[in-house]
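The values are calculated or read from the model by the stated rules, or taken from the named source; none is laboratory data. Predicted model only: the values in this text are computed from it and were never measured. When we count neighbours, we look across all protein chains shown, and the Cβ atoms used for this are built from the backbone with ideal geometry, even at glycine.
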């Protein structure tokens, strides 16, 4: 089985020494090499990285790799099957999902996703509109109405949920990746034309990447509802974060958005 998992990187960093992984410099267009595969070679949208984030790497893999399975991770986030005790003793990079572990998982499952994030006190729609901009969601709905109206019921369902898969992380067979990307990128390209970014900060301009995290859930819900993917073919796998989570800033930012209606201005 031939599986490659993209590691989206924008700077030089330590990466796992496993052939399962393909470290990639995303947004490489016009920048010096950091020693990883660049996303500005062949068929690519590298120049859109400021808006599309790690999706420029996904696009490159979709168009330029011929592996049987494709996945996406980040230089600070990886799937893992290791316990917290193992991670603490051996370090994060030695705790990431291995090629052998991945092959075993894919014998019985077609779609690997990270554990869901739960918002508990608000819906996916409310969380996004409180922390970023409700306009992005409105324009996304308009775009789906125009290009893929059959996905609107799934969009509404996901927006009213209180949990969601985030980070754009997954591992799937080529046919499902093709199906997903053939649907996703036209939607995002159309959405890009509907939102004025001229007065946005660099952080705000990354809205396409954030919306795509929600759209992955919309696509997945639609596939499940229509029987293209069976629930038993999916598996949620824990993920590890390399580095320290800024929990104090994260909690203050969340409460400020929820109570004081202050939008996020940085990542936590």
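The figures follow:
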| item | result |
| --- | --- |
| Selection status of residue 148, over 21 Å from residue 179 (Cα atoms) and either touching a helix residue (DSSP H, G or I) at 6+ places or on another chain (Cβ under 9 Å) or free of Cβ contacts under 8 Å to residues at least 24 places away in the same chain (or both) | no |
| Only one of 166, 112 that is closer than 24 Å to residue 225 by Cα, in a strand (DSSP E or B) and in contact with a helix residue (DSSP H, G or I) (Cβ under 8 Å, 6 or more places away or on another chain) | 112 |
| Extreme residue, surrounded by the fewest Cβ atoms within 10 Å (Cβ to Cβ), among residues of segment 192-207 that are touching a helix residue (DSSP H, G or I) at 6+ places or on another chain (Cβ under 7 Å) and part of a helix (DSSP H, G or I) | 194 |
| Given (1) out of contact with any strand residue (DSSP E or B) (no Cβ under 9 Å at 6 or more places or on another chain); (2) over 19 Å from residue 54 (Cα atoms); (3) at pLDDT 95 or above, number of the condition residue 186 does not satisfy | (2) |
| Criterion: under 17 Å from the mean Cα position of the chain (by Cα), over 23 Å from residue 61 (Cβ atoms) and surrounded by fewer than 20 Cβ atoms within 10 Å (Cβ to Cβ) - qualifying residue of 163, 179, 189 | 163 |
| Qualifying residue in segment 123-139 (condition: loosely packed, with under 13 Cβ neighbours inside 10 Å and either more than 25 Å from residue 209 (Cα to Cα) or touching a residue at least 12 places away in the same chain (Cβ under 8 Å) (or both)) | no |
